[in-house]
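Encoded as C-alpha cells, the structure appears first; notes follow it.
Every number here is computed from the coordinates shown, using simple stated rules; none is lab data. If you're wondering where the values come from, they're calculated on a predicted model, not measured in any experiment. All Cβ positions, glycine included, derive from the backbone under ideal geometry; neighbour counts span all protein chains shown.
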Amino acid sequence: MEGRSAVETWAEFGFLGKSGSPKVTFGSETNVFISTGGNEVYVFSTDERKVKAVLQFPDCVTDLVESDAPLLFVACRRGVYCFNLQLLLHRHRSSSGAASSSPAEVNISSEFLVAGADGVSSLLLVGSVLLTLSQGGTSWLLTLYKRPEQTLPSFCEVIGSFCIPLISPVVQGDAGHTTKSVLNCVYYDDGTASLSSPGGPDTRYSHVCLEPLLFKHLFGVEAALAKSPVILCGLPDGRLCFLPLRLPGSRLRVLHSLEQPVVFVGASVVMETDPRHARCLVVVGEQGRMVLIRMDKADPERGDIVAGFTEVCVSGPVECGCVDHSCLYYSTGSDLLMLDLSERSAGREDKERNEEGDLQSPTSLNVCRVIALNEPTRSAAGDVQLLGLSIRGQLQSFRLPVRRQDVGASKPPASQVSPSVKDLLSAIGDVCERASVLKTVIKSKNQTLRQLNQVVNISFLLTAHGKSREHLPIRCRSRVSWSRSLQKDCLNLTCVLENTSGYVLERGWTLSITIRPLSCPGEETSSVNFSFPFHSLCSGETLEVSLPAAAAADMVFPLTVNCSLIFSLSSFLAEEDLVSFPELQNSCFSLPLNTLTVDWLHALQVIRPKGTVPLQSSSTDTLQAFLSSRQVRCSRGGGTSNPEEYSVCVCVASEFLRTTLMLKNCIQQPESASPNLCSTLLDWLLLGDHEGVQTGRQGEKMDSNSQVLHARAPRGSTVKITAKEVSVEEEISGRDGGCRVFMEVQIESSSVTAVCGLHHAVLHRMQTLLKKTPDEAASSTQVQSSGLRRALQRAEVLHTRISEALSGGLSSGQTNPFLLSVYQELRENPLLIV
C-alpha cells in the first residue's frame, strides 16, 4: 500500500451509549444514517457535511435499513418503525417553521409502528420481504413480513416465521440487552440475471452474488435451481444459520459454529479475474476467530471439489468489520486493521505453500477506537474510502491509498522514497504524541491511586476499634492564652495538629474544630465551628492554627473542643474533570480525632504581686495591675466592700503526691534540699499539661516558697487558691493510726460560680492523676475506715434533709438558700484522697 491513510472527522455526537448497537449506513442520495446506540438516529449529508435531522425514537435503536421507495425501516427493542423520511422532514419544517440550516428534531411516535415484536436485534430487506430477527424466551425467531406500500406505510402482514432453539441460557450484553446479531442475504447468479432486475441482489443492503458452484455445495441444488435468495443469520452464540426463501418447507439450519459471538458475515471476490461473483464467504467472531468458506480440492489427484471451511485467527476482540473485493477491514477498538484475502486464494493453487502461512499479517491503518464501519467504497483512482464511528461519537472518513499490484517486482523511484519516509516519520510522530498523552493519563491515575491509598490507610488508622482517642498517632493539642481587644478580655485557643503516623496528609484534608460550651439540661447547645484547609502535612510535622474562643463575659466553662479531619472527594479530580462529576463537588467524610476540655483552671489570669510587674509594661497593663491589687485587698477585708465569701477544699495525701507528682514533673534535687510540695502542687494545677491542654504561662514558674495564689476568673471575680499541709488523726483497723499528713487545696471567691467551676476542675485533675498512678504506688496507701464511716453518715443525714426539703412545702425562695447551705456543708467535710 502506497502512501498514508487520511483520516477526516466529519461530525461529533458525543460519547456513545452502551444500551444499543452503533451503526453507520449509507442511504439514498448523499444521506448517511448514524445510530449511536441510544434512541436517536442522525441523518448526515455527505455533500453539505452537516447533520440534517435528528430522529428520536421511544426506545434504543438496534438496526436500520432504507428501501428504494424510499422508506426508512428502524428496528427498536419493541418493534419496527417505517416512514418516508423526505415527506416527514418536509411536514416537520412546514409545521415548525424552523430554519433550513438547523437540524430538524423529529419525534417518531407509535403511529409509525408497522411491526410489533419484542427483542428485535437485526433487520433485513429482500425485495418485497421484510425480515426481523429477535430473541424469545427459549429460541431465536426469524419473522417474515410483507413490505408496506410506498405511499402509505401501514401495519405489516406476517407471511412466515422460523425459529431455532437457544443453546445457551442467557445471551446478553453489558446493559442487559440482547447481544447484536447479523443478517445478510446471498444470491445465486449464473450470469443470466441482471443486478437491477426485480428480485435480484441490491448491493446497497450488502447483498452479494455467490459463485454458482459454491452456492450449490453450501445450500443445495434445489435452492440453486429455484435461484432462491438465502438468508444468513449470525447469532451471538456462534452459530451461522441459513434459510432459502423460495423453497417450500424450508427451515433454519446451522451451516457452521464459531463458538463465539458472530460479529460480521460477508463475501469477498478474492480473484480479480472474475469480479462479478464472490468466491469466498467470510465469517468473523468476536474473539478473533475467522472462517473462510470457499471451494477446495478434497483429493488433488482425483480432482474432487468440495466446499472447504478454513478457520484462522486474527487479533481480537473484533468490534466491527467489512469487506472489499479482496480485503477485510476490522477494528479491535485499539486499532483499525486491514487483512489481504487475495493472497490466500492465489496461494491455494500452489500445493507447496504452507496453509497456515497463506494469509498475510494484518496491516495497521493507525486509527483507534472505531466501533462501527460502513461498507467500503472505491473511487475511480482506486482509493478506498471507509466511513466509521468512534467510541467518542465522531463520524470519521478513512481514505486508503491505492494498493500496489506488483509487490517486490521493482524498486520504487527515488522521488517516491522521500514522501514515504516523510509519511513514516509523520506516523511515528502521531504515535509518539498518543503515547505521551497516554503516559500523562497513566501518571495522573497512578497519582490518584496513591493518594487514595493514603486516604484509606489514614481512615483505617483513625477508626481502628479499641484505639484510645488520647493516643492516636494523628491528634490535636491546645494552648490557652488571654488577649485584650477593644477593652475586652478574649480567650484564644492555639490548636496544634500533630502527625506522628507514617502517612502524609495531602491536598483535600481540612482540620475542623468545634467549640461547644457547657449547657444546662433542656437548653439547646450552641457551638462554633472553624475549618482550616491545608495542602500537606508530612510525618513528624505539625500544623498550628489560632482561633478566638469567646469574650470573657460570654463563656460558660468548661469548653469542649472537638477536633476532626474532613476529606473532600473532589480533590481526587482535576479542575477540568469536576464538571463531569458534579455530585463529587460537595461529597466528603469526617474522621474524629481527640476531644479537648478547657476548664476554669485554664482560664484563670494570675495576679502577680506588686513588685513583680515588669518595668516595660504599658500604661494599660500598669492600670490593670493596680486595679487587680485593689480587688485583692478588698477580698482580704482591706476595703469597705466585703461581699460574702464561698470556699471549698480538697484534701490529698502528701505521700501520694510525692510518689506521683514529683516524678511526673521530673524534679531531680538532693534529699537535703527537698522541694516545697505546696508550690509544686500549685504549679502543676495552674501550669501543667492536662489532657493535651496547656496555658499560655508555660515560661513562668511559681515561687518555690509560695503557698497562696491570687487570680482573676473569666467573669472578673477574684479567686484565692491556698495549698497547705495539715495533719489528720485516723483510726486504722481498730487501732490507733497516728497522724497522717495531707495536702489541703482551698478555693475561695465571692463568686459561687467560680468556686464550683474550680472545684470541679481540681477534682477532675486529681481523678486523672489517680488513673495514671502506678499499681505499686496505689497499693502503698490505705483508706481511712473511720473517716469513710463518718463521711457516709454525713451523706445519709444530708440526703434525708434534701429529701424532706424537696418533698415539703418550701417555696422556691427558701429552697435555693437551703440547697446552697447543703452544698457548702458537703464541701466543708470532704473525703480524703489518700
Additional length obtainable on full extension of the chain from D68 to T500, 0.36 nm per residue less Cα span: 147.7 nm
Amide H contacts under 5 Å for C163, placed H, 5+ residues apart: L142, L252
Potential lengthening between E259 and V221 on full extension [0.36 nm per residue; Cα-Cα distance subtracted]: 10.9 nm
Förster-model FRET efficiency, 35 Å R0, R93 and K146, C-beta, rounded to 0.05: 0.65
Fewest-first ranking of V370, V51, V728, using other Cβ atoms within 10 Å as the exposure measure: V728, V51, V370
Distance (nanometres) between label positions extended 7 Å along Cα→Cβ at D335 and R507: 3.6
Over region 21-179, volume per residue of the alpha carbon convex hull, in Å³: 112
Gain on full stretching of the segment that runs from A435 to S364 - 0.36 nm per residue minus C-alpha separation: 23.9 nm
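Considering only Cα-Cα distances, which of the following residue pairs are longer than 27 Å: K180/K439; K488/K720; K180/K443; K146/K180; K724/K771?
K180/K439; K180/K443
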Estimated FRET transfer efficiency (S526, S727; beta-carbon r; R0 45 Å; 0.05): 0.40
Per-pair calculated FRET efficiency, R0 = 60 Å: L547 and I167 via Cβ, rounded to 0.05: 0.25
Distance between modelled label sites at R392 and E29, nm, 7 Å Cα→Cβ extension: 3.1
Low-density loop cleavage sites - GluC sites (Glu not before Pro) in region 54-152, where at most 12 other Cβ are within 10 Å (DSSP): E149
Other-chain or far-sequence residues with amide H under 5 Å of A104's (modelled H): A53, V54
